[in-house]
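A short write-up of the structure that comes next.
The values are calculated or read from the model by the stated rules, or taken from the named source; none is laboratory data. Keep in mind the model is a prediction, meaning the values are calculated, not measured. With ideal geometry, Cβ positions are generated from the backbone for all residues, glycine too; neighbour counts draw on all protein chains shown.
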Amino acid sequence: MGIQTATSEFQSVNLIPRTIYQEEHLMFGQAISDFAQKEIIPYHEQWEKDHQVSRESWRKLGEAGFLCIQAPEEYGGLGINDFRYNAMFCEMISRTGFGGPAVGYPLHSDIVAPYILHYGTEKAKHKYVPKMISGEYICAIALTEPGAGSDLQGMRTSIIDKGDHYLLNGSKTFITNGYLSDVVVVAGKTNPALGAKGTSMVIVDSTMKGFSKGKPFQKIGLHSQDTCELFFDNVEVPKENLIGEEGKGFGYMMTELAQERLIVALSAVALSETYLDATIAYVKERQAFGKKVSEFQNTKYKLAELASDVAIARVFMDRCVELHNEGKCDGATASMAKMRLSELQCKVADECVQLHGGYGYMWDYVVARGYADARVQRIYAGTNEIMKELISRKILS
């Protein structure tokens, strides 16, 4: 039995009918699934060796119309202001079982692009967004620093006003899409004395002198995802590349991080379904002690538990998507989704490895890759400990 990969089934192990998607969303999802079968799955093994997906895959995504679909038509986008399409994209890429593409592609469109679309200057939008849509420019966001981690208020990167430009100095680490990035939204301090109120954000592109990248990290999982350090040495950033207003960067982050955490949660539940689907197929075929593994009571009961957990998670995730589509999903709810569903992903991956026995430890199996990929979901986009802090503030306010 070889690598287990995507399915075009939208219900899969979930026994509860889903209601958030209409026919047009399902057609869009099928198109993404078809694209993944042709343009992602056959190349993923090589991408893992390269520690990055190919630039060609980004351009093909752009040609297919799958990048930054929410961008207005004036910038070359489709102007689709229905988050269910974004959710479907994230879900179907995750259904490949490959965590790297499931992280990198949505980050570009659903995490980085909103900062530029919502707060960028018109000059910056016209300069960068069309090429972000086409896949010619690959995007990253640089918040985390070597000495700060999830403590965004502790960042030391400086953005100093020099009159006709900003001077950017500092470094960022664990940057998804970092090595391939052409456009990076960078957070730093324009006024360190003001703490969070002195935080601003700017757009940096790879043509700017003084901007450099470290080699992709050798990670436990997400081997096809290019993650690296970024360095800024007296980078001169044009004034028109300021995101919004000076000193309001932290507020922008608090607004946009809710969607980032929903994206993590969306991939977590879809990947959990993928691991479970692969395991159900495996135990129906694998035999031990003269009968199929699926016939053992332990297997049946464990699968029943996992399927129930995933079904409950899916219903909550679908509701979060509905609320977010209506502009009603607050940060605490998004934090709940990110925390619980990333924990579930790790649990499902672990249990599915166990049900595979020794084969679950073999890299050709989607559950092995999933086991390695899942762990970081509880760390990035704010650690789950930070999620608990944010949730507790809301419920105790």
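Looking at GLU256, is it buried (at least 16 other Cβ atoms within 10 Å of the Cβ), assigned by TED's automatic domain parsing to the domain that holds TYR371 and under 30 Å from ASP164 (Cβ atoms)? Yes, satisfied. Taking every residue in region 218-230 that is free of Cβ contacts under 8 Å to residues at least 12 places away in the same chain and pairing it with any residue that is among the hydroxyl-bearing types (Ser, Thr, Tyr) and buried (at least 24 other Cβ atoms within 10 Å of the Cβ), at least 6 positions away or on another chain, yields no pair with a Cβ-Cβ distance below 8 Å.
Among residues of region 238-264 that are without any contact (Cβ under 8 Å) to a residue 60 or more places away in the chain and under 13 Å from VAL185 (Cα atoms), none has a beta-carbon under 8 Å from a residue that is small (Gly, Ala, Ser) and surrounded by 17 or more Cβ atoms within 10 Å (Cβ to Cβ) at least six positions away or on a different chain. Cβ-Cβ contacts under 7 Å between residues 6 or more apart (or on different chains), taken from a first residue in region 314-328 that is under 16 Å from VAL269 (Cα atoms) and crowded, with 20+ Cβ neighbours inside 10 Å to a second residue that is modelled with pLDDT of 95 or more and of a type in the set (Ser, Thr, Tyr), are listed as CYS320/THR333. For region 298-310, the tally of residues that are crowded, with 16+ Cβ neighbours inside 10 Å and within 19 Å of ALA337 (Cα to Cα) stands at 4.
For GLY195, the test of being touching a helix residue (DSSP H, G or I) at 6+ places or on another chain (Cβ under 7 Å) and either surrounded by fewer than 19 Cβ atoms within 10 Å (Cβ to Cβ) or within 16 Å of GLY104 (Cα to Cα) (or both) is passed.
Filtering region 175-185 for residues that are touching a Ser or Thr at 6+ places or on another chain (Cβ under 6 Å), outside the structural domain of ARG369 (by TED's automatic domain parsing), in contact (Cβ under 8 Å) with a residue 60 or more places away in the chain and under 21 Å from LEU107 (Cβ atoms) leaves a non-empty set. When PHE232, PHE250 are checked against the criterion of being of a type in the set (Phe, Trp, Tyr) and either assigned by TED's automatic domain parsing to the domain that holds ARG314 or surrounded by fewer than 23 Cβ atoms within 10 Å (Cβ to Cβ) (or both), a single residue qualifies: PHE250.
Please count how many residues of region 118-150 are under 18 Å from GLU240 (Cβ atoms) and not polar (S, T, N, Q).
16
Residues in region 199-224 that are touching a helix residue (DSSP H, G or I) at 6+ places or on another chain (Cβ under 6 Å) and more than 16 Å from VAL235 (Cα to Cα): THR199, ILE220, GLY221, LEU222, HIS223, SER224. In the set (1) surrounded by fewer than 23 Cβ atoms within 10 Å (Cβ to Cβ); (2) within 13 Å of ILE160 (Cβ to Cβ); (3) not aromatic (Phe, Trp, Tyr), the condition left unmet by PRO238 is number (2).
Residues to consider are VAL112, VAL129; find the one that is closer than 28 Å to GLU385 by Cβ and either at pLDDT below 95 or not small (Gly, Ala, Ser) (or both). Show your work before the answer.
Numbers: VAL129 fails: closer than 28 Å to GLU385 by Cβ.
Just one listed residue meets the conditions, VAL112.
Condition first: free of Cβ contacts under 8 Å to residues at least 60 places away in the same chain and aliphatic (A, V, I, L, M). Now tell me which residues in region 289-305 satisfy that.
Of everything in region 289-305, those that are free of Cβ contacts under 8 Å to residues at least 60 places away in the same chain and aliphatic (A, V, I, L, M) turn out to be LEU303, ALA304.
Among the conditions (1) surrounded by 23 or more Cβ atoms within 10 Å (Cβ to Cβ); (2) farther than 21 Å from ARG55 by Cα, ALA142 misses just one, which is (2).
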